[in-house]
Structures are given as C-alpha cells and as structure tokens.
Amino acid sequence: MSTPTAGLRCIGMTQHIRIASRASAMATAQVNWLMAEITRTSPGTVTEFVPITTAGDTWTGPLAEAGGKGAFTSAVAQAVLDGRADLALHCAKDMPGDEPEPDGTRCLYPRRDDVHDVLVHPAGTKLDDLPTGIRIGTSAPRRIAQLTASHPHLTLVPVRGNADTRLGLTRSGDVDAVILALAGLRRLGRETEATEIIDTDRMMPALGAGQLALQIRADDQDL
C-alpha cells in the first residue's frame with residue numbers, strides 16, 4: 001500500500017484536489033457540483049475526478065451479503081487512505097451508521113438537500129390511488145417496512161442499481177413504479193419525473209437522506 005501524501009498535491013503553485021467517488025451518473029453529477037463549488041470558492045484550484053468501482057456497484061444479490069451500506073463507500077474511502085485521492089465524496093445515507101468515519105478519516109458536511117422520498121409512476125397515479133397488485137420496485141428495508149404497513153395491497157419487487165437503472169425498469173415493464181430519493185432526482189436533473197413527493201409523516205426518510213459527506217484523512221490540515 002502506498003504512503004498517503006500529506007494535504008493537497010501541488011502543480012507548481014496550484015492546488016490539485018483529487019476527488020474519489022463512484023462512477024454512476026448520480027455520483028458524477030455530485031462530483032461535478034463539488035468541483036464547481038471548489039472553483040467558485042478557490043479560483044485556480046485544479047480538481048480531478050477519481051472514479052471508483054465499489055462492491056455495491058458490481059454485486060447483484062442482496063446488499064447485506066456484499067457488506068451492507070459500506071459496500072458503496074469503503075472502496076472510495078480507501079482511495080483517500082492509501083493516497084490515490086485527497087477527498088472522498090459520498091451520499092451520507094450510504095455510509096454505515098455505526099461507523100460513519102472509519103479510523104484515519106473525518107467527514108465534512110455541506111448544506112443538506114431535500115430528505116423526501118418520491119413515487120415515480122409513468123401513468124402519473126399517486127401512491128394512495130394505486131390498485132391492488134401494482135408492482136413497486138424497492139429494496140430498501142426502510143421503504144419495504146413502511147409500505148408493507150401502509151399499503152399491504154401493493155406488490156414490492158426487490159430492485160438493485162442506480163437511479164437511472166431503476167427508472168428504466170418502469171419503462172421496460174419490469175415494475176410499474178419505483179420509490180426514489182427526491183434529492184437524487186434533483187442532482188440528475190430529473191425531478192420532473194417524480195409523480196408524488198411523499199410526506200415524511202407517511203414515509204420516514206433514511207438516516208442521512210439528502211446529505212453529502214466529504215471524507216478526508218484525519219491528519220489532513222489543508223482541506
């Protein structure tokens with residue numbers, strides 16, 4: 001394992017910040033936002049995207065068998081720890097709740113986005129109006145538990161993949177509708193595809209919903 005460099009790398013007198021994140025469309029959109037913010041607040045700083053493929057991106061079975069939530073973040077965090085990147089960008093909801101800051105790192109949190117879940121149904125039918133047997137795509141235990149209690153007549157279908165993949169399942173006919181995070185659709189520029197924003201008193205948001213996390217080495221005093 002390589003020894004991490006302290007702080008930021010420099011090209012001449014220019015700061016160079018390497019940002020590690022997943023390579024999905026949403027992660028890329030989030031990295032582009034962060035790069036723009038860095039450029040706005042620190043003109044002249046060079047930013048570089050370091051895409052990382054995680055266990056959660058390649059595993060097609062139940063997420064718990066791939067390491068749970070850490071399947072989406074551990075490889076990205078490791079890129080910071082071993083010096084391949086200066087900063088890791090995560091969705092906070094993907095970070096393990098029992099260890100959000102692994103040894104050797106600390107996290108910074110920008111302003112939180114919207115925490116609501118949304119229903120996406122191509123025909124525009126709202127959640128309470130969906131008839132018996134409609135197939136709702138979701139694999140989140142939180143959503144499954146709440147929908148099972150509030151709408152037991154619906155059929156819940158386990159689905160995996162990023163937001164683009166899940167939205168595509170409604171077009172291919174694999175499911176009739178999906179439940180997604182509003183913040184994610186906004187970051188993708190696809191908020192208009194939401195049929196209904198579900199009130200938080202009807203569906204409790206995920207821990208860390210709408211929150212990005214910027215993870216750096218604990219000894220990094222420059223970022």
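A few comments on the model shown:
- Residue tally, condition closer than 25 Å to ARG22 by Cβ, touching a strand residue (DSSP E or B) at 6+ places or on another chain (Cβ under 8 Å) and free of Cβ contacts under 8 Å to residues at least 40 places away in the same chain, over the stretch 123-157: 2
- Being at pLDDT 95 or above, surrounded by 14 or more Cβ atoms within 10 Å (Cβ to Cβ) and acidic (Asp, Glu) holds for only one residue in ASP176, ASP128, and it is ASP176.
- Hits in the stretch 11-54 - residues which are β-branched (Val, Ile, Thr) and assigned to a loop (DSSP other than H, G, I, E, B): THR45, THR53, THR54
- Any chance THR54 is surrounded by 18 or more Cβ atoms within 10 Å (Cβ to Cβ), at pLDDT below 85, under 23 Å from LEU167 (Cβ atoms) and polar (S, T, N, Q): yes
- Cβ separations smaller than 9 Å between residues 6+ apart or across chains give the following pairs from the stretch 183-197 residues that are without any contact (Cβ under 8 Å) to a residue 24 or more places away in the chain and assigned by TED's automatic domain parsing to the domain that holds ASP129 to residues that are buried (at least 20 other Cβ atoms within 10 Å of the Cβ) and in a helix (DSSP H, G or I): GLU191/LEU182; GLU191/LEU185; THR192/LEU185.
- The residue that is farthest from the chain's Cα centre (by Cα), among those in the stretch 144-159 that are farther than 18 Å from LYS126 by Cβ and surrounded by 15 or more Cβ atoms within 10 Å (Cβ to Cβ), is VAL157.
- Unique match (being at pLDDT below 95 and either in contact with a strand residue (DSSP E or B) (Cβ under 7 Å, 6 or more places away or on another chain) or part of a strand (DSSP E or B) (or both)) among PRO110, PRO96, PRO102: PRO110
The values are calculated or read from the model by the stated rules, or taken from the named source; none is laboratory data. The shown structure was predicted, so the numbers you read here are calculated from the model rather than taken from an experiment. Every residue, glycine as well, gets a Cβ built from its backbone with ideal geometry; the counts of neighbours run over all protein chains shown.
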